[in-house]
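A.B. asks: Could you have a look at this structure, given as structure tokens, before my questions?
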Amino acid sequence: MPDTHELLINIDLTIEKFFPKKWKEKNFSFFIGEPKFEIDSKTLNKNLNDPIRDFVLRGGKRIRPLIFLTCIDFFGLNYKNYLDFAAIIELLHNGTLVLDDIEDNAALRRGKPTCHKKFGLDTATNTGVSLHLLPLKILLSKRKTLPPAKELAIWQIIMEELINVSFGQALDIYWHKNKSADEVNLKRYLEMVRLKTGSLMRMSTRLACVIAGEGEKIQKIFKDFGESIGVAFQIIDDCLDLAPPDEKFGKSVGNDITEGKLSLPVIYALRILKNQNEFKKRERLIQILSKHTRDRKLIHEAIDLIKGSGAIRKSVKFANKLIDKTWLKLEEKLDRKNGKLDSLQELSYFLVKRNF
Ligand code: IPE
Ligand code: IPE
Ligand code: MG
Ligand code: MG
Ligand code: MG
């Protein structure tokens with residue numbers, strides 16, 4: 001397996017192939033065909049290519065394409081032939097982030113102002129939608145290289161997982177907007193996260209299986225694997241929001257408090273405080289969450305209440321246990337294929353050990 005650095009460079013070079021510094025005629029025609037009258041290429045560069053590049057190329061961990069390429073390598077294929085698929089996955093993920101930041105009213109992403117803060121709500125909404133659609137054109141351009149059954153399976157996976165994301169987001173958004181603290185429990189949270197975050201991880205592992213021509217049994221194993229690491233990843237993200245040890249995290253600390261998000265640490269804190277008969281503290285936490293405040297003092301008061309209950313520790317433990325269990329299950333079901341599982345294992349553990 002090539003090292004992560006090499007993979008990251010190749011992923012970004014592939015993205016830049018479709019979104020070079022300046023879109024020229026051939027780039028336009030790739031996405032929309034020949035112009036019928038006259039194309040305002042300057043504006044399209046300024047109001048579509050630039051915001052896409054600004055967001056996509058400002059960094060990001062590239063976890064999903066890394067998982068995809070690592071699986072491709074595990075199945076014995078040369079990753080270099082599948083970089084376009086890796087780019088498709090990353091671009092779709094970026095589309096979900098641009099829209100998610102609008103939905104969550106977030107100010108920072110990857111250490112810089114979110115797309116809507118920088119380019120306005122109108123351009124950002126269109127950029128987020130475009131990042132869901134333009135990658136599909138890249139997929140369409142791959143059809144000559146794919147047998148029809150494989151191509152259909154790929155479209156089906158992408159469609160299914162994107163639908164799942166929108167269902168997960170619908171739950172998350174409603175819960176943060178309304179004071180639903182007593183309606184949300186661990187099981188409902190896990191289902192929501194499985195949909196909103198598990199989906200793109202699952203898309204990555206499922207696509208690798210289908211491209212490699214793996215049978216149903218392997219597809220199922222890798223689908224479950226992708227989903228579980230996605231859930232663990234989101235739980236760690238929820239914890240890092242409250243206490244990031246590293247400024248590379250690139251999002252505002254406590255944004256989830258402003259959002260009023262019912263993250264796992266919040267769900268646990270509410271449960272623990274209830275069990276300890278700490279009703280005043282519990283009510284105070286719910287009250288701060290429902291304010292959607294940006295007041296740093298209040299945000300830290302809420303974080304202290306959550307931290308003090310032991311809910312962050314409990315959430316981190318849950319994520320770690322989930323990765324351990326997921327990993328054992330994967331090892332049990334697969335041969336270790338000449339140590340080739342090592343890169344996948346390293347990546348899975350990075351998801352929960354990361355501090356940014
Ligand atoms: C952010 O995903 C959204 C979550 C699922 C928590 P990432 O943490 O993978 O974001 P980037 O791509 O590295 O910025
Ligand atoms: C993550 O949403 C999932 C998607 C973007 C679909 P969050 O709102 O939980 O993630 P962050 O914390 O903004 O990255
Ligand atoms: Mg968000
Ligand atoms: Mg969100
Ligand atoms: Mg988060």
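A.B. asks: Scan the stretch 203-256 for residues that are within 19 Å of the chain's Cα centre (by Cα) and at positive phi and jot them down.
C.D. replies: Residues satisfying the conditions are 250, 254.
A.B. asks: Still on this structure: So, in the stretch 234-265, exactly how many residues are out of contact with any Gly (no Cβ under 9 Å at 6 or more places or on another chain) and assigned to a helix (DSSP H, G or I)?
C.D. replies: 13
A.B. asks: Please go through the stretch 1-23 and pick out each residue that is in a loop (DSSP other than H, G, I, E, B) and at pLDDT 95 or above. If you could, list the steps in order and put the result at the bottom.
C.D. replies: So in the stretch 1-23, the residues in a loop (DSSP other than H, G, I, E, B) come out as 1-3, 19-23.
Of everything in the stretch 1-23, those that are in a loop (DSSP other than H, G, I, E, B) and at pLDDT 95 or above turn out to be 19, 20, 21, 22, 23.
A.B. asks: Using the structure shown, decide if residue 54 is within 11 Å of ligand 1 (Cβ to nearest atom), part of a helix (DSSP H, G or I) and either open to solvent by 20 Å² or more (accessible area, probe 1.4 Å) or closer than 27 Å to residue 252 by Cα (or both).
C.D. replies: Considered against the rule, which asks whether it is within 11 Å of ligand 1 (Cβ to nearest atom), part of a helix (DSSP H, G or I) and either open to solvent by 20 Å² or more (accessible area, probe 1.4 Å) or closer than 27 Å to residue 252 by Cα (or both), residue 54 comes out as no.
A.B. asks: Every residue in the stretch 60-107 that is within 14 Å of ligand 4 (Cβ to nearest atom) and either hydrophobic (A, V, I, L, M, F, W, C) or farther than 26 Å from residue 241 by Cα (or both), please.
C.D. replies: Scanning the stretch 60-107 gives 97, 98, 99, 102, 106, 107.
A.B. asks: Can I ask one more? Report whether or not residue 190 is more than 11 Å from ligand 2 (Cβ to nearest atom), under 26 Å from residue 90 (Cβ atoms) and of a type outside the set (Lys, Arg). Walk me through it before giving the result.
C.D. replies: Numbers: more than 11 Å from ligand 2 (Cβ to nearest atom): yes; under 26 Å from residue 90 (Cβ atoms): yes; of a type outside the set (Lys, Arg): yes.
Considered against the rule, which asks whether it is more than 11 Å from ligand 2 (Cβ to nearest atom), under 26 Å from residue 90 (Cβ atoms) and of a type outside the set (Lys, Arg), residue 190 comes out as yes.
A.B. asks: Looking at (1) of a type in the set (A, V, I, L, M); (2) over 22 Å from residue 101 (Cα atoms); (3) open to solvent by less than 20 Å² (accessible area, probe 1.4 Å), which one does residue 186 not meet, given that it meets all the others?
C.D. replies: Tallying (1) of a type in the set (A, V, I, L, M); (2) over 22 Å from residue 101 (Cα atoms); (3) open to solvent by less than 20 Å² (accessible area, probe 1.4 Å), residue 186 fails exactly one: (3).
A.B. asks: Next up: From the list 348, 343, 309, pick out the single residue that is more than 22 Å from residue 218 (Cβ to Cβ) and crowded, with 16+ Cβ neighbours inside 10 Å. Walk me through how you get there before you give the answer.
C.D. replies: Working: 348 fails: more than 22 Å from residue 218 (Cβ to Cβ); 343 fails: more than 22 Å from residue 218 (Cβ to Cβ).
Every option except 309 fails the conditions.
A.B. asks: Residue check: is residue 128 away from ligand 2 (no atom under 16 Å from the Cβ) and in contact (Cβ under 8 Å) with a residue 12 or more places away in the chain?
C.D. replies: Values: away from ligand 2 (no atom under 16 Å from the Cβ): no; in contact (Cβ under 8 Å) with a residue 12 or more places away in the chain: yes.
Taking the combined requirement at face value, the residue does not satisfy it.
A.B. asks: When you scan the stretch 102-126, how many residues do you find that are part of a helix (DSSP H, G or I) and within 13 Å of ligand 5 (Cβ to nearest atom)? Before you say what the answer is, go through the steps one by one.
C.D. replies: Here is the first cut: in the stretch 102-126, the ones part of a helix (DSSP H, G or I) are 102-103, 115-119, 121-126.
Within this subset, residues satisfying the condition of being within 13 Å of ligand 5 (Cβ to nearest atom) are 103.
So the count comes out to 1.
A.B. asks: Can you find a residue that is within 16 Å of ligand 5 (Cβ to nearest atom), without any contact (Cβ under 8 Å) to a residue 60 or more places away in the chain and at positive phi anywhere in the stretch 82-95?
C.D. replies: Within the stretch 82-95, the subset within 16 Å of ligand 5 (Cβ to nearest atom) is 93-94.
Then drop every residue that is not without any contact (Cβ under 8 Å) to a residue 60 or more places away in the chain, which leaves 94.
In the following step, the residues that additionally are at positive phi were identified as none.
No: zero hits.
The values are calculated or read from the model by the stated rules, or taken from the named source; none is laboratory data. The structure presented is a predicted model; accordingly, all values stated were derived computationally and were not measured. Heads up, the Cβs are rebuilt from the backbone with ideal geometry, glycines too, and the neighbour counts pull from every protein chain shown. Only protein heavy atoms, including side chains, enter the accessible area calculation; ligands, DNA and RNA are left aside. Shrake-Rupley method; radii C 1.70, N 1.55, O 1.52, S 1.80 Å.
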